[in-house]
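For reference, the structure discussed in these notes is given below.
The values are calculated or read from the model by the stated rules, or taken from the named source; none is laboratory data. Note that the structure is predicted; figures quoted are calculated from it, not measured. With ideal geometry, Cβ positions are generated from the backbone for all residues, glycine too; neighbour counts draw on all protein chains shown.
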Amino acid sequence: MDFSLLSFWLIATAIRLLEAMRILLPIIRQIVANKKFVSNFFDIIKKFNGKKLDTTILTIGNLVGDLDQDTIFAIGVVYGPPDFHAPKEVDSSAFSLVYDQGVDDLNRAGIHVDKEQYRAYLRDFKGDLLAYGQPESREGLYIWYKPARRMITYYHP
């Protein structure tokens with residue numbers, strides 16, 4: 001057999017093998033990662049088998065109306081995760097109650113504002129409202145009142 005022909009065949013075969021490995025390598029990596037994931041998943045099941053678990057749920061929204069998203073953790077077995085709502089979702093016929101409840105909540109906390117101050121705050125507010133509690137019976141909506149650095153009642157039917 002001609003040495004140059006054998007060399008050419010060996011080089012061509014090596015190139016084809018390298019090309020096949022280049023194609024197969026991501027598939028092999030995915031199989032290994034899947035096997036590792038499934039193995040870890042079964043380890044978790046074995047570790048917690050028979051133990052009562054809760055579920056921590058991450059909820060993301062914009063409470064304060066700035067450019068950053070806010071993160072809230074909730075236990076999701078007894079209570080559902082908190083919901084975020086835009087203020088425009090609230091029926092405008094409830095605004096009188098909204099003003100009364102917000103001002104009352106602030107005054108009870110020792111933060112004295114009148115309805116006009118609170119109305120001005122709401123007019124400029126760019127954040128989301130928060131609802132939490134049992135999914136079947138959410139307690140009401142709450143708003144971040146930045147001057148007091150706390151959540152207060154927005155609307156509670």
### Task
Only residues that are assigned to a loop (DSSP other than H, G, I, E, B) and surrounded by 14 or more Cβ atoms within 10 Å (Cβ to Cβ): list them for the range 100-124, please.
ILE111, VAL113
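Table: residues versus (1) modelled with pLDDT of 80 or more; (2) assigned to a helix (DSSP H, G or I); (3) within 34 Å of the chain's Cα centre (by Cα).
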| position | (1), (2), (3) |
| --- | --- |
| ALA20 | yes, yes, no |
| ARG29 | yes, yes, yes |
| VAL38 | no, yes, yes |
| VAL64 | no, no, yes |
| TYR79 | no, no, yes |
### Query
Filter the range 145-157 for residues that are assigned to a strand (DSSP E or B) and modelled with pLDDT under 90; which is surrounded by the most Cβ atoms within 10 Å (Cβ to Cβ)?
TYR154
### Query
Can PHE8 be described as over 27 Å from the mean Cα position of the chain (by Cα), more than 24 Å from PHE125 (Cβ to Cβ) and at pLDDT 75 or above?
yes
### Message
Can you tell me how many residues within the range 99-142 are under 21 Å from ASN62 (Cα atoms), modelled with pLDDT under 90 and not charged (D, E, K, R)?
### Response
10
